[in-house]
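Undergrad: For reference, the structure I am asking about is given below.
The values are calculated or read from the model by the stated rules, or taken from the named source; none is laboratory data. Keep in mind the model is a prediction, meaning the values are calculated, not measured. Note that we place each Cβ from the backbone using ideal geometry, even for glycine, and neighbour counts take in every protein chain shown. When the accessible area is computed, the model is the full protein with side chains, heavy atoms only, and any ligands, DNA or RNA have been set aside. Shrake-Rupley method; radii C 1.70, N 1.55, O 1.52, S 1.80 Å.
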Amino acid sequence: MRDRPSLRYKVIINILILVVIIAAIGALINVWMFCNSIQKSANDKIELIATHVIKTLEIQDKAHLSFERSLQYSMEQPMRQFQAEYERSNRDIAQIDLDTLREQTGGVYDYFIIDANNTIIRTTFAPDDGLELGRYPAVNHFLNWVREHPDEVHSERAMTGINGYMKKYIYETTPDKKYILEIGASFSNRLFVSREDANYFDFPDYISSIMEKYPILTSINIYDRGGSPYYLSNAAGSRPMEGERLATFTRMTNGGHSAAVTVNDTLYSYVAFRPYEAHPQGFAEKIIEVAIDVRPFREEWLKSVYFSVLISLGSLILALFAGTVFTNSLASTIGEVVQAVRQIAAGDLSTPVVPTGDLEETQALSQSIETMRKKLQAQFHELELRNEELAQSYQLTIQAFFRILEHRERYTAEHSFQVNQIAMGIGKEMGLSSAELQYLAWGTLLHDIGKLVIDDDTLLKPGKLTEQEYEAIKQHPLIGCDVLPKLPFFQHVAQIVHYHHERYDGGGYPCGLCGEQIPLLARICAVADAVHAMTSDRPYRQGCSWSQAVEEIKRCSGSQFDPNVVAAFLRIYGDGSAAEI
């Protein structure tokens, strides 16, 4: 009979928690989609408004077309009279009475004379007197085109920059090509249309009707492609085109059909508009700027964000509560199991693993870890026995080499023993590990093992060695390293044998290593070897005193010997109290 909940039961609880979390995530996704839907709806509405404005203008413009054709026909007779008056005045424009011409046609036409610089030098429409049309690229281009086709009467429709009303203009060059004569007539003139139709041709009127339909519209403005205003629906409240608005307008006019930018809670949408049957070289194309207040859309979006935040917080609190309860229960059990595993990993195989937790599966896991601990403990004990046997084998090998050295040349054996004693003292002072001390002990005992193969005449020669004999003696580190068995255990021992005659400044042999390139154990052996060599008697010289040897070691610190090794040597042997080791 199970008296503890199983892991399966815990998994079910965990799945329920996961379901809650997934539900919360799903709610967030739904809210996100809802917010996107609101944003898309707002964008669609803004696009719809802008499209409606353009469509309204297009419909209005198309309606103008039939009236415009009859208006153009009626303007051709005044143009012929204008040309005739130019000839009667002997082509002296100062003699032309423009006001009389205007009165003769009922005052419905305005007359303009444009010079070669595309400047209006005379007109019945006072606001345009002296206007430099050459400053406007599109108008300037059109007027130049008119001059290149002097045998035609050219027409163009445009909005006046003064009051925003639609006007019709016709142009014709004078016979001498010195001037361009221009006549303009307003669409809303009462002589051409009825009172009701006149309102229909007033641009401000139908712009106002559009803005009344969409309260979020703040303005509808008309510009030419150079950025000059033709009509401002809210002249008092309209800001000058600058900054991001100007940059967006310029980008659109340089190659785009439409563009938009949001500045200070207002979306400015720009669309190019060209009237029906506009002159191919004319300047009728305008840029419509629709300004829309985006604050209502932002407020609606913020409400959806607040709603999504509330749902997210609720889901998060629920998930945290359920997860905390489950995690605390499971973490306590797992923590005890992990602690037991860490003890084993740290080498503590003596502490039994006690079954823990309220889950059947965790207790089974604890029992499995305990079984593993016992097996590891038995294997570790067996490994220790084998290591002891192996260490004994290595020790016997070292002893065998040392006995061979004793039989071969007694001084070398005694020297190696004394070097071993000095080096072990230095090694302990420097805080070497037990394994490093063991390698140092064996390596110093065998550091001159290579001398076994050097002939007695050279090795035991009482006098000074010849250069050839000295070179033979210098080979003993290489010979000794080659003599030792190629076993991993002898790797550190072989390094001591190989490098104990290297100098810290790089002037030693056989490899010319320097500094930290020389293994530490070999650097220790070098100091111990030099100390005993200086203080021992040889057939060809008498040994120096211990204090003299200490002074020599000091002098050679940093050049022949490692300063750190020398410092350790001096701490234990520097006072001369250890003259006899």
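Undergrad: Label Ala272 and Gln104 with points 7 Å out from Cα along Cα→Cβ: what is the distance between them in nm?
TA: 4.2 nm
Undergrad: Arranged from highest to lowest average of other beta-carbon atoms within 10 Å per residue, in what order do the peptides 547-560, 133-146 appear?
TA: 133-146, 547-560
Undergrad: Then there is this: On a 31 Å Cα-Cα criterion, which of the cross-link pairs Lys428/Lys461; Lys40/Lys167; Lys474/Lys554; Lys428/Lys464; Lys45/Lys168 come out too long? Don't jump to the answer; show the numbers that get you there.
TA: Working: Lys428/Lys461 36 Å; Lys40/Lys167 40 Å; Lys474/Lys554 25 Å; Lys428/Lys464 37 Å; Lys45/Lys168 35 Å.
Over 31 Å Cα-Cα: Lys428/Lys461; Lys40/Lys167; Lys428/Lys464; Lys45/Lys168.
Undergrad: How much FRET efficiency would the formula 1/(1 + (r/R0)^6) give for Gln517 and Ala378, where r is the Cβ-Cβ distance and R0 is 41 Å, rounded to 0.05? Intermediate results must be reported in sequence, preceding the final value.
TA: On the way: r = 44 Å, r/R0 = 1.08.
Taking R0 as 41 Å, the efficiency between Gln517 and Ala378 is 0.40.
Undergrad: Roughly to the nearest percent, how much of the accessible area of the range 465-551 is carbon and sulfur, given a 1.4 Å probe?
TA: Numbers: 2190 of 4220 Å².
With neighbouring chains kept in place, the figure for the range 465-551 is 52 percent.
Undergrad: Here is a follow-up. Just to confirm the filter: which chymotrypsin sites (Phe, Trp or Tyr not before Pro) across the range 484-558 are DSSP coil and have at most 14 other Cβ within 10 angstrom of their Cβ?
TA: Answer in residue order: Tyr540.
Undergrad: Sticking with this structure for a sec: If we sort 85-97, 438-450 on the protection proxy, mean other Cβ atoms within 10 Å, highest first, what's the order?
TA: 438-450, 85-97
Undergrad: How far apart, in nm, are the 7 Å Cα→Cβ label points at Arg147 and Ala567?
TA: Once both label points are built, they end up 9.5 nm from each other.
Undergrad: For the pair His52/Leu437, report the inter-label distance in nm, with labels modelled 7 Å from Cα in the Cβ direction.
TA: Placing both labels 7 Å along Cα→Cβ, they lie 9.6 nm apart.
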